[in-house]
Amino acid sequence: MSSKASSSLKIDRSVKTLRELTLEKMRDAILSAYFKPGERLVERSLCEELGVSRSIVREVLRHLETEGLVESIPHQGPVVASLDAEKASQIYEIRALLEGHAARLCAERADDALIERLAAINDEIQAAFGRSDFSGVLARTSDFYELMFEGSGQFMAWEIVQSLNARINRLRAMTIGSTGRAAEAAAEMQLLVSALRRRDAQAAHDASVAHIRRVGDIAAKKLAEMTLADAPPGDTSSHSIAHAK
């Protein structure tokens, strides 16, 4: 048994590391389309813009690759991953299966306090829509689903959703600014919250799936309109990441 005080090895997690801050900045820059699909991510330029070392940039790019936001191209290096219509369709199918089931079980199992917390978060989502605060919409929407999965007791399913979360949020970022989407999303989410409050498991499932199907249709339309093959590679030296959302 070591005589060393265990407290000497404790790490203070109250302050985010430089790597974590850099990762958040880069992820937000991709989600907000500051960096475009197919755009090269040049380490030297990123070091200058972010004000961090090359080792941190490399770590962050590797992490973003595991999230599906960055891909390595032979003889070119890391680039922003392209938005793939087939992969997007599969993501929405997975969401419909897992979130629909979670909504059903949440209606059956969650206590009243948790459901009211979901309702409050939904109010915050709609308020963020009203302010055109799309970063706020993304953050609170993630909070809503995390709590819904908690209420359903489907922790393993939530781990699967989390593994796709960066790509899910990238698709959300593409769709939430669509014309009329704020009002449409508010109505869809209200149906879900109302079903949860009534403890109507089937209605909760159906509302969740309908919401995902609708946003999937919007994403498919937007992806069809994009001409990724003709997108310019971009030049990171011409803009400042400090102002990316």
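The values are calculated or read from the model by the stated rules, or taken from the named source; none is laboratory data. Here the structure is a predicted model, which means the values were calculated and not measured. FYI the Cβ positions are ideal-geometry reconstructions off the backbone, even for glycines, and counts take in every protein chain you see. Note: accessible area is taken over every heavy atom of the protein model, side chains too, but ligands, DNA and RNA are not part of it. Shrake-Rupley method; radii C 1.70, N 1.55, O 1.52, S 1.80 Å.
Looking at the range 145-157, which of its residues are touching a residue at least 24 places away in the same chain (Cβ under 8 Å) and surrounded by fewer than 20 Cβ atoms within 10 Å (Cβ to Cβ)?
Answer for the range 145-157, where residues must be touching a residue at least 24 places away in the same chain (Cβ under 8 Å) and surrounded by fewer than 20 Cβ atoms within 10 Å (Cβ to Cβ): 147, 150, 153, 157.
Which one of 65, 39, 99 is open to solvent by 20 Å² or more (accessible area, probe 1.4 Å), of a type in the set (Asp, Glu) and on the phi < 0 side of the Ramachandran plot? Spell out the reasoning first.
Working: 39 fails: open to solvent by 20 Å² or more (accessible area, probe 1.4 Å); 99 fails: open to solvent by 20 Å² or more (accessible area, probe 1.4 Å).
Matching residue, one of 65, 39, 99: 65.
Considering every residue within the range 119-132, establish whether at least one is farther than 19 Å from residue 191 by Cβ, modelled with pLDDT of 95 or more and either open to solvent by 70 Å² or more (accessible area, probe 1.4 Å) or part of a strand (DSSP E or B) (or both).
no
Which of the residues that make up the range 133-144 are crowded, with 20+ Cβ neighbours inside 10 Å and either in contact (Cβ under 8 Å) with a residue 60 or more places away in the chain or more than 19 Å from the chain's Cα centre (by Cα) (or both)?
Within the range 133-144, 138 is the sole residue that qualifies.
Enumerate the pairs (first residue in the range 16-33 and closer than 15 Å to residue 58 by Cβ and of a type in the set (S, T, N, Q); second residue anywhere and in a helix (DSSP H, G or I) and at pLDDT 90 or above) with beta-carbon separation below 6 Å, excluding pairs fewer than 6 apart on the same chain, so at least 6 apart or on different chains.
22/50; 22/56; 22/60
Tell me, please, whether a residue that is crowded, with 18+ Cβ neighbours inside 10 Å, more than 20 Å from the chain's Cα centre (by Cα) and either part of a loop (DSSP other than H, G, I, E, B) or modelled with pLDDT of 95 or more (or both) can be found in the range 107-114.
Yes: the range 107-114 contains one or more residues that are crowded, with 18+ Cβ neighbours inside 10 Å, more than 20 Å from the chain's Cα centre (by Cα) and either part of a loop (DSSP other than H, G, I, E, B) or modelled with pLDDT of 95 or more (or both).
Go through the range 174-197 and give me each residue that's over 25 Å from residue 28 (Cβ atoms) and free of Cβ contacts under 8 Å to residues at least 24 places away in the same chain.
Correct list: 180, 183, 187, 191, 194.
Is it the case that some residue within the range 182-199 is crowded, with 17+ Cβ neighbours inside 10 Å and either farther than 27 Å from residue 131 by Cα or among the hydroxyl-bearing types (Ser, Thr, Tyr) (or both)?
No, because not a single residue in the range 182-199 is crowded, with 17+ Cβ neighbours inside 10 Å and either farther than 27 Å from residue 131 by Cα or among the hydroxyl-bearing types (Ser, Thr, Tyr) (or both).
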